[in-house]
Amino acid sequence: MRIPIIAGNWKMHKTRDEALQFIYAINMEVPKREYVETVVCAQAPILRDLVKRQGENVRIGAQNMHQETEGAYTGEVSAPLLENIGVDYVIIGHSERRQYFNETDEAVNAKLHQALRFNLVPILCVGESLETRESDATENYVSAQIEKALMGLGKEQVKDIVIAYEPIWAIGTGKTATNEQANETIAFIRKRIGEIYDSETMESVRILYGGSVKPENIVGLMKEPHIDGALVGGASLNAKSFMQLVDAAFN
Ligand code: 13P
């Protein structure tokens, strides 16, 4: 059985005060980690404060990291630092990073290797644009993203990775993929993992859906057999709606 995950991606939102208020509000409410993994991915300067105050069942994630261990990379954050301050997860290859910061598939691949080397659970994001979906090229596109991202990783490593399928046209648009669309593409990703690795890896890797997930649509999404949880932007900013998502994944 794959344990579901609800991961909030706060993106560039929340001051320190707001972040701490949020974590205090959810700490006692979050179900045990054997039922659902609850992750909050925040801006780098607040990560240590959140780790120090995380409730027993809450985990903290970063939204990005650099693929090199150290060096002259002004403004970047390293994997050893994230590990050192107690961060457990890191989002890799979010479409906003690919789009606005020119993150390539090669960089995403290097970051996955680096995250695993420093005991961080990577949440690898893949997903197609509207144009790609409308030209019926979603599977080819997502398949290439997966192959390039996982290059050189062994099956034991891939089992520990979390994948988030986030169609770009559904992010922040209020336009969520239908439950069937999300499940279908996630089933396809799972099948590709099976082809690249084996059926055991395919069955154990967790694949989330992301893109306008809200308390109103989470229940339907979670009922789909291949969807193991959600990576959530907007609806993760409010403690109450975030907890509604966590509860829905748990029930
Ligand atoms: P929204 O939930 O705001 O659409 O954002 C999705 C996302 O990009 C999570 O990483």
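Looking only at residues that are in a helix (DSSP H, G or I) and either surrounded by 15 or more Cβ atoms within 10 Å (Cβ to Cβ) or under 13 Å from the mean Cα position of the chain (by Cα) (or both) in segment 220-241, which one is nearest to the ligand (Cβ to nearest atom)? Steps first, answer last, please.
Step one: list which residues in segment 220-241 are in a helix (DSSP H, G or I), which gives 220-223, 234-236, 239-241.
Keeping just the survivors that are either surrounded by 15 or more Cβ atoms within 10 Å (Cβ to Cβ) or under 13 Å from the mean Cα position of the chain (by Cα) (or both) gives 220-222, 234-236, 239, 241.
Details: GLY220: 15, LEU221: 12, MET222: 15, GLY234: 3, ALA235: 6, SER236: 7, ALA239: 16, SER241: 11 Å.
Taking the candidates together, the pick is GLY234.
Per-residue answers, yes or no, for (1) at negative phi; (2) open to solvent by 50 Å² or more (accessible area, probe 1.4 Å); (3) under 15 Å from the mean Cα position of the chain (by Cα):
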{"position": "ILE6", "(1), (2), (3)": "yes, no, yes"}
{"position": "MET28", "(1), (2), (3)": "yes, yes, no"}
{"position": "TYR35", "(1), (2), (3)": "yes, yes, no"}
{"position": "ASP49", "(1), (2), (3)": "yes, no, no"}
{"position": "ARG53", "(1), (2), (3)": "yes, yes, no"}
{"position": "GLY75", "(1), (2), (3)": "no, yes, no"}
{"position": "LEU81", "(1), (2), (3)": "yes, yes, no"}
{"position": "GLY93", "(1), (2), (3)": "no, no, yes"}
{"position": "ARG98", "(1), (2), (3)": "yes, no, yes"}
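Are there any helices (runs of 4 or more DSSP H) wholly within segment 123-210 with 2 or more residues that are open to solvent by 50 Å² or more (accessible area, probe 1.4 Å) and farther than 27 Å from ALA79 by Cβ, and if so which?
Ranges flagged: 130-134, 138-150, 179-196, 199-204.
What pairs come up if the first residue lies in segment 163-178 and is within 21 Å of LYS191 (Cβ to Cβ), the second is of a type in the set (Asp, Glu) and more than 9 Å from the ligand (Cβ to nearest atom), and their beta carbons are under 6 Å apart, counting only those six or more places apart or on different chains?
PRO167/GLU128
The values are calculated or read from the model by the stated rules, or taken from the named source; none is laboratory data. Only a predicted model underlies this, so the values are computations on that prediction, with no experimental measurement involved. Note that each Cβ is placed from the backbone with ideal geometry, even for glycine, and that neighbours are counted across all protein chains shown. Please note that ligands, DNA and RNA were not included when accessible areas were found on the heavy atoms of the full protein model with its side chains. Shrake-Rupley method; radii C 1.70, N 1.55, O 1.52, S 1.80 Å.
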